[in-house]
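Report on the following structure.
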Amino acid sequence: MNLSSALTVPTVAELGFTQFGTGPEPVLVLHDWLGDHTNYDAVLPYLDGNAFTYAFVDLRGYGRSKHLTGDYSIDEIARDCLGVADALGWARFHVLGHSMTGMATQRLAANVPGRIKSAVAVCPISATGNRLPPEAAAFFAATCENDDAFRRLVKFVTGGLSDVWADRKLRQNREGVASACRPRYLDMMTTVNFVDDVKGLETPFLVIVGEKDPGLGADAMQATFLAWHPNAQLASIPNCSHYPMQECPPYFALLVENFLRQHAG
């Protein structure tokens, strides 16, 4: 089973998305910088489609939205996501973001707190952005076009998984992500800062990290999400790194849905 075989719903919103499940609890799901909505294919067999309705969104420049351009800002992401929710008739919903879009869960919670039932931030970059020293910034920028640099990055954030894994992630990126948007989103996530807007938000947050994630682990979350959000809790997945939805899909689905059920209704 994969998302390409799930139900795709036409929408008046610009963003493309794929819908899975028919349950009463709506969940908007966002991907990371390197991949698109198909990052979540491995999780589908373990999701409860009778309890939840998931909309797996592609941001501008990715997957089903590859043809869409924009200013590639966090504010644009939030507006576009609300457009999807509005098109689906979701007055209130849960939101899940991964890595780059971890900050999007915060932006949405700050912009429309009454509409966000709960938020799940997975190995997330926060509202303070991810400042990089010059050498690291140059390396990340190189991954936008240099295939070897991309493979090195993927293997680094996933604790040295195989060359086959890195090649698969590379193909997904080069085929599914518009080249023009890659450096623009990188600029966004390394320069943005809206911490003052999110401190004290009462939205329930589940922050999930992989025990082996080299840069966005538990310590980073204690200094950001857990410090700012009074109703945030942290879960660490053993023997897992930056892509828990692909590395540990059954357990990832269990963690997410147990949390969502606590904040249903």
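The values are calculated or read from the model by the stated rules, or taken from the named source; none is laboratory data. Keep in mind the model is a prediction, meaning the values are calculated, not measured. With ideal geometry, Cβ positions are generated from the backbone for all residues, glycine too; neighbour counts draw on all protein chains shown. All accessible areas refer to the heavy atoms of the entire protein, side chains included, with ligands and DNA or RNA removed. Shrake-Rupley method; radii C 1.70, N 1.55, O 1.52, S 1.80 Å.
Assess whether A91 counts as being hydrophobic (A, V, I, L, M, F, W, C), out of contact with any His (no Cβ under 9 Å at 6 or more places or on another chain), in a helix (DSSP H, G or I) and without any contact (Cβ under 8 Å) to a residue 60 or more places away in the chain. Against the criterion (hydrophobic (A, V, I, L, M, F, W, C), out of contact with any His (no Cβ under 9 Å at 6 or more places or on another chain), in a helix (DSSP H, G or I) and without any contact (Cβ under 8 Å) to a residue 60 or more places away in the chain), A91 does not qualify. Against the condition among the basic types (K, R), open to solvent by 10 Å² or more (accessible area, probe 1.4 Å) and in a helix (DSSP H, G or I), how does R131 come out, does it pass? Judged against the criteria, R131 is not a match. With respect to (1) open to solvent by 10 Å² or more (accessible area, probe 1.4 Å); (2) at pLDDT below 95, the lone exception for T158 is condition (1). Scanning region 227-265 for residues that are open to solvent by 10 Å² or more (accessible area, probe 1.4 Å), in contact with a strand residue (DSSP E or B) (Cβ under 7 Å, 6 or more places away or on another chain) and not in a helix (DSSP H, G or I) yields N231, A232, Q233, L234, A235, S236, H242, C248, H263, A264.
On the basis of being free of Cβ contacts under 8 Å to residues at least 40 places away in the same chain, among the polar types (S, T, N, Q) and open to solvent by less than 30 Å² (accessible area, probe 1.4 Å), does T53 make the cut?
On the way: free of Cβ contacts under 8 Å to residues at least 40 places away in the same chain: yes; among the polar types (S, T, N, Q): yes; open to solvent by less than 30 Å² (accessible area, probe 1.4 Å): yes.
Yes.
Is it the case that region 118-127 has a residue that's crowded, with 22+ Cβ neighbours inside 10 Å and part of a helix (DSSP H, G or I)? Give the derivation first.
Applying the first criterion (crowded, with 22+ Cβ neighbours inside 10 Å) to region 118-127 yields 118-127.
Next, from what is left, pick out any that are part of a helix (DSSP H, G or I): none.
No, region 118-127 has no match at all.
Determine if region 194-213 includes at least one residue that is touching a strand residue (DSSP E or B) at 6+ places or on another chain (Cβ under 8 Å) and either without any contact (Cβ under 8 Å) to a residue 12 or more places away in the chain or of a type in the set (S, T, N, Q) (or both). Lay out the reasoning, then the answer.
Applying the first criterion (touching a strand residue (DSSP E or B) at 6+ places or on another chain (Cβ under 8 Å)) to region 194-213 yields 203-211.
From the residues that got through so far, the ones that are either without any contact (Cβ under 8 Å) to a residue 12 or more places away in the chain or of a type in the set (S, T, N, Q) (or both) too are 203.
Taking every residue of region 194-213 in turn, at least one turns out to be touching a strand residue (DSSP E or B) at 6+ places or on another chain (Cβ under 8 Å) and either without any contact (Cβ under 8 Å) to a residue 12 or more places away in the chain or of a type in the set (S, T, N, Q) (or both).
Any residue in region 66-76 that is assigned to a helix (DSSP H, G or I), modelled with pLDDT under 95 and open to solvent by less than 20 Å² (accessible area, probe 1.4 Å)? Scanning region 66-76 turns up no residue that is assigned to a helix (DSSP H, G or I), modelled with pLDDT under 95 and open to solvent by less than 20 Å² (accessible area, probe 1.4 Å). Scanning region 51-86 for residues that are touching a Pro at 6+ places or on another chain (Cβ under 9 Å) and over 24 Å from K169 (Cβ atoms) yields a total of 4. Considered as a group, the residues in region 205-226 that are assigned to a loop (DSSP other than H, G, I, E, B) and within 24 Å of A42 (Cα to Cα) include one that is nearest to the chain's Cα centre (by Cα), and that residue is L216.
Hey, which of the strands (runs of 3 or more DSSP E) in region 12-61, taking only ones fully inside, have at least 3 residues that are within 13 Å of the chain's Cα centre (by Cα)? Step through it out loud before you land on a result.
On the way: elements: 17-20, 25-29, 52-57.
Output list reads 25-29, 52-57.
The set of residues in region 161-186 that are free of Cβ contacts under 8 Å to residues at least 12 places away in the same chain, surrounded by fewer than 17 Cβ atoms within 10 Å (Cβ to Cβ) and part of a helix (DSSP H, G or I) comprises V164, R168, R171, E175. Scanning region 187-204 for residues that are in a loop (DSSP other than H, G, I, E, B), on the phi < 0 side of the Ramachandran plot and open to solvent by 30 Å² or more (accessible area, probe 1.4 Å) yields N193, K199, E202.
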